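Notes follow the structure.
The values are calculated or read from the model by the stated rules, or taken from the named source; none is laboratory data. Source: prediction; values computed, not measured. Cβ sites come from the backbone with ideal geometry, for glycine too, and all protein chains shown count toward neighbours. Protein only, heavy atoms only, side chains kept; ligands, DNA and RNA dropped before computing areas. Shrake-Rupley method; radii C 1.70, N 1.55, O 1.52, S 1.80 Å.
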Amino acid sequence: VGQVTNISINITTGFMYDIDQDFIAIKLIAKDLKPQTATAIFPAQTIIDTVQSRDYSSTGDFSELSLTKLVLKGGRIRAEAQSTVEDTILFVYSLPGATNDQGEVPTVNIKLDPATPGMPSNQVEEFILDGYTLNLTGDGTQVNTLEERILVQLLESGNIVTLDRSDSVAVNFSLLDIEPVYVEGYVGQQTFNFSGQEAFDVFEELDVRRIRFTEASGEIS
């Protein structure tokens, strides 16, 4: 409700006011709203779409380890996802810097069903990495670095859904049982003191099971 309290009029020419056509327009805009809760039929939308780098550098005795390439005989990606959103969520996890002989990129897809009040939706998926080559140079200039893409989408269901700030989506990705058949990079210079036979693990941080060197040198003192 508004009331005009003052109008300036040119008394020389006067003015005509048409009560049926003339009007004063006021535009009201609500901005920077921060809702606590929203109830709606939410459209399909992308929540996260990002490419990030993960550093697999070793520590301790293997801090000098600098790898640029791994060709895998075995290994797998394990993805564990959880959502409290009462609508369908799609997770996609891929390694842009990894390919097989067909040029395919390893990708894990998880489609989480809508959660129910007090009961999150959970799902676990795995992808076998046998035969894949991992580029560990990140943006092309790094070592021990693997690029990974994470995509999270809300799929349109047509249902009325309530979301609040306590709702969340979470996913945990890991590389397991990595078994290379070919390695490029620098594995460092290390001294091992032993008598008889002793096993040592060069790729402890990557959970490597077996590796064979075709060109290696060592020194006993």
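Considering only Ala98, Thr12, Thr141, whose Cα is most displaced toward the positive end of the charge dipole of region 1-151, charges sitting on Cβ of Lys, Arg (+1) and Asp, Glu (-1)?
Result: Thr12, furthest along the dipole toward the positive end.
Not counting ligands, DNA or RNA, and with a 1.4 Å probe, what is Ser53's accessible surface area in Å² rounded to the nearest 10?
Rounded to the nearest 10, that gives 70 Å².
Given Cα positions, please report Rg to Rh for region 2-54, the hydrodynamic radius being the Kirkwood one. List each step's numbers first, then the result.
Working: Rg = 25.0 Å, Rh = 18.5 Å.
Here the Rg-to-Rh quotient is 1.36.
In what sequence, largest accessible area first, do Ser63, Ser58 appear using a 1.4 Å probe? Provide the component values of the computation, followed by the final result.
Values: Ser63 75, Ser58 15 Å².
Solvent-accessible surface, decreasing: Ser63, Ser58.
How much accessible surface does Tyr132 have with a 1.4 Å probe, in Å² rounded to 10?
In the full protein context, Tyr132 sits at about 10 Å².
For the pair Arg54/Leu33, report the inter-label distance in nm, with labels modelled 7 Å from Cα in the Cβ direction.
Result: 3.8 nm between the two label points.
So, by mean Cβ neighbours within 10 angstrom, what's the order for 67-78, 33-44, 156-167 with the highest one leading? Walk me through the numbers on the way to the answer.
Values: 67-78: 19.3, 33-44: 10.0, 156-167: 12.7.
Ranked by mean Cβ neighbours within 10 Å, highest first: 67-78, 156-167, 33-44.
Would you list Lys31, Lys111 from the most to the least accessible area, probe 1.4 Å?
On the way: Lys31 145, Lys111 120 Å².
Final ranking, largest accessible area leading: Lys31, Lys111.
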